[in-house]
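Visitor: Provided herewith is a single structure, encoded as structure tokens, for subsequent inquiry.
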Amino acid sequence: MVQEHLPLIGPRDPRVFQLLFLGSLLAAGLAWRGLCVTPAQIALTFAAALLTQALFLRALGLGDVGYQSALISALSVSLLLRSDTLWVHPLSAAVAMAGKFLLRARGKHLFNPANLGVVFGLLATGHAWCSPAQWGHDVMLAAWIVLLGATVVRRAERSDVSWAFLAFYAALAFLRVAYLGQRPAVFWHQFENGSLLLFSFFMISDPRTIPDSRAGRVALAALAALLAFGWQFAFYRQNGLFYALFLLTPLTALFDAWKPAPRHAWDRSAPLPAAAR
């Protein structure tokens, strides 16, 4: 296999903004929101993600490329997952990165790496949970996430899936509020949720795990919104966002076969080998 030694992040790579935003959000959460994640858990998460990525890159002969995905996954796991142990976070991060290389279909990830790590932590460890209310319901925080998140997905050319998901989710929320005769404030309150907005702009929008065509992405967004909404409000279970994406992303290959479209490139000025993406 030919090795390609490429820049860590190219000049047009939208992951620059994603890393800066997620990093600043984690720092702000620790400083002002009292996130229940310790420096040791964060450090171990980054170490495990980077080490796992490095081992696979070495085994596959890809050289020192592709670490941006490990950094993003480590930030996402640190932001979303909570545990009363030191081993859950790094194990979840290692599973996330290993899944990127081992679980593939038609040259794409079968699961979003961060989503896989979070779901693994929730289902397999017995010592993990997600706190939907950890970011509160703050209008200014929500506006900040939307502004910066919209910048990232626009530069990644995948804003359609984020806005489609929010539109479908909003339609379901509106119908529920109207059916129950609740006040409009109840509807708006749901969209001040930082966890929902983080999912919409930084998880479901990952180009390596969603359909290449716009029609496929909108269909995936509709199914994800329906499944996540039903999980929470019909079955009264938490973490519907993460489980919905976990169950639906394996369908991406079917959507791509249904509506073929050009494959996404993070930075067209510095394309990565397929296995490192």
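The values are calculated or read from the model by the stated rules, or taken from the named source; none is laboratory data. In this text the structure is predicted, and so the values were computed from the model without any measurement. A quick note on method: Cβ atoms are made from the backbone with ideal geometry, for glycine too, and the neighbour counts reach across all protein chains shown.
Visitor: Can you say whether Phe17 is aromatic (Phe, Trp, Tyr) and either at pLDDT 90 or above or surrounded by fewer than 18 Cβ atoms within 10 Å (Cβ to Cβ) (or both), as far as the supplied structure shows?
Guide: So Phe17 fits the description; yes.
Visitor: Ok, one more. Looking only at the range 208-256, filter to residues that are surrounded by fewer than 19 Cβ atoms within 10 Å (Cβ to Cβ), in contact (Cβ under 8 Å) with a residue 60 or more places away in the chain and more than 27 Å from Gly194 (Cβ to Cβ); which one of those is farthest from the chain's Cα centre (by Cα)?
Guide: Applying the filter and picking the extreme gives Ala253.
Visitor: All but one of (1) surrounded by fewer than 21 Cβ atoms within 10 Å (Cβ to Cβ); (2) modelled with pLDDT of 95 or more; (3) within 18 Å of Thr249 (Cβ to Cβ); (4) of a type outside the set (Ser, Thr, Tyr) hold for Leu103; which doesn't?
Guide: Leu103 satisfies all of (1) surrounded by fewer than 21 Cβ atoms within 10 Å (Cβ to Cβ); (2) modelled with pLDDT of 95 or more; (3) within 18 Å of Thr249 (Cβ to Cβ); (4) of a type outside the set (Ser, Thr, Tyr) except (2).
Visitor: Taking the conditions exactly as written (surrounded by fewer than 24 Cβ atoms within 10 Å (Cβ to Cβ) and in contact (Cβ under 8 Å) with a residue 24 or more places away in the chain), does His127 satisfy them or not?
Guide: yes
Visitor: Further question: How about the range 176-207: which of its residues are over 19 Å from the mean Cα position of the chain (by Cα) and among the hydroxyl-bearing types (Ser, Thr, Tyr)?
Guide: Hit for the range 176-207 is Tyr179, nothing else.
Visitor: Another one. Report yes if Gly29 is surrounded by fewer than 20 Cβ atoms within 10 Å (Cβ to Cβ), at pLDDT below 90 and either in a helix (DSSP H, G or I) or under 17 Å from the mean Cα position of the chain (by Cα) (or both), otherwise no.
Guide: For Gly29, the condition - surrounded by fewer than 20 Cβ atoms within 10 Å (Cβ to Cβ), at pLDDT below 90 and either in a helix (DSSP H, G or I) or under 17 Å from the mean Cα position of the chain (by Cα) (or both) - is met.
Visitor: Starting from the range 156-176, keep only residues that are buried (at least 16 other Cβ atoms within 10 Å of the Cβ), then list their pairs with residues that are among the polar types (S, T, N, Q) and not in a helix (DSSP H, G or I) whose Cβ atoms are within a distance under 6 Å, requiring at least 6 positions of separation or different chains.
Guide: The qualifying pairs are Arg158/Ser205; Val161/Ser205; Ser162/Ser205.
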